[in-house]
Structure formats: C-alpha cells, structure tokens
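Engineer: My questions will all concern the structure given below.
Nothing in this text is a laboratory measurement; each read-out follows from the coordinates by a stated rule. Note that the structure is a prediction, hence the values are computed from the model and not measured. For neighbour counting, all protein chains shown are included, and Cβ atoms are generated from backbone atoms with ideal geometry for every residue, glycine included.
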C-alpha cells in the first residue's frame, strides 16, 4: 500500500511568467520613479514640499521612463555604433538634466554630460561589439 497512487493526483499550478518586454517596462518605471524622486529632491533643496515640486518629480519620472522604453525598443534595430550612441545620448541627457538642477553652469553641465555619455558609449559599444 505504500506505493499506491493517491486518490487525488496533484495538480501543478502554472504561473504566468512575464515577458521580457513587461520586465523592461517594470524596470523602466522603477528607474523612472527613482529618477523622479532624485529630481524632486534636488529641486526641493531642503525647502517645503510643494505641489509644484511633486508635479515636477512625477513628470520627470514619466518622461524618463518613456524615453528609456523608447530607446530600448528602437535600439535593437540599429547597427551597433548607433545603438551604443543612442544609449550614450540617453544617459548623457538624463545625467546632464539632473546635474543642471543643482545650479551648475551650462558649460559644466555640458562637460559632465559629455563625460558620462562618452563612458556609456565606450561600455555599450564594447559590449555590442563583443557579443555580435
């Protein structure tokens, strides 16, 4: 009797696994929230919480997430040089915007953004070049 089949066979429950696009969208929204909170905190600068600051953070988060999703969707169709350049431009612009909120000069913001973009371009180009 020890080897007898159970009266009710166990039913395996299957879980719906999210698609890679859904995972990227969730990651983009999460990173958008972090970016929006960061932008909101820089703009607030220790002052009171206002509706304008909160709205600024929400809009920044939505724009960041929308741009990240669009770059992620368009980039795979591009050759590796333009693909790396698109991610570098995205990183440079988003970093430059946050850096400009801190009150730095336009030249300093541009130089810092170009530095970040150059680093992202080097890393992404190397990755795309070695994995193709």
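Engineer: Taking the beta-carbon count within 10 Å as an exposure proxy, list 60, 105 from fewest neighbours to most. Could you put the intermediate results ahead of the total?
Structural biologist: Numbers: 60 23, 105 9.
Fewest to most other Cβ atoms nearby, the residues stand as 105, 60.
Engineer: Would you mind checking the tilt of helix 80-101 against the longest principal axis of the Cα atoms of the chain, expressed as 0 to 90 degrees and rounded to 10?
Structural biologist: 60
Engineer: Could you identify which residue out of 61, 16, 88 has the top mean-square fluctuation in a GNM of the chain using Cα springs shorter than 10 Å?
Structural biologist: 16
Engineer: Still on this model: Seen from all sides and averaged, what is the projected area of the convex hull of the Cα atoms in the chain, in nm²? The partial results should precede the final answer.
Structural biologist: Values: hull surface 60.5 nm².
Its average projected convex-hull area is 15.1 nm².
Engineer: When all alpha-carbon pairs of the range 79-132 are counted, what percent fall beyond 19 Å? Don't skip to the answer; put the middle values down first.
Structural biologist: Details: 442 of 1431 pairs.
It works out to 31 percent of all Cα pairs.
Engineer: Follow-up. Report the calculated FRET efficiency for residue 80 and residue 24 (r = Cβ-Cβ distance, R0 = 22 Å), to the nearest 0.05. Write down the numbers at each step before the final one.
Structural biologist: Details: r = 19 Å, r/R0 = 0.88.
Working from the Cβ atoms, E equals 0.70.
Engineer: Still on this model: Express the relative contact order of the chain as a whole percentage, based on alpha carbon pairs under 8 Å and six or more residues apart in sequence.
Structural biologist: Values: 105 pairs, mean separation 28.2, N = 132.
Relative CO of the chain lands at 21 percent.
Engineer: Shape verdict for the range 21-77, please, from the Cα gyration tensor: rounded (a/c under 1.5), prolate (a/b greater than b/c) or oblate. Provide the component values of the computation, followed by the final result.
Structural biologist: Values: a/c = 3.43, a/b = 2.94, b/c = 1.17.
In terms of gyration-tensor shape, prolate.
Engineer: Between helix 51-74 and the chain, what is the angle of the helix's C-alpha long axis to the longest principal axis, kept within 0 to 90° and rounded to the nearest 10?
Structural biologist: 70
Engineer: Angle, helix 20-44 long axis vs. longest principal axis of the chain, Cα atoms, 0 to 90°, nearest 10?
Structural biologist: For helix 20-44, the angle is close to 40 degrees.
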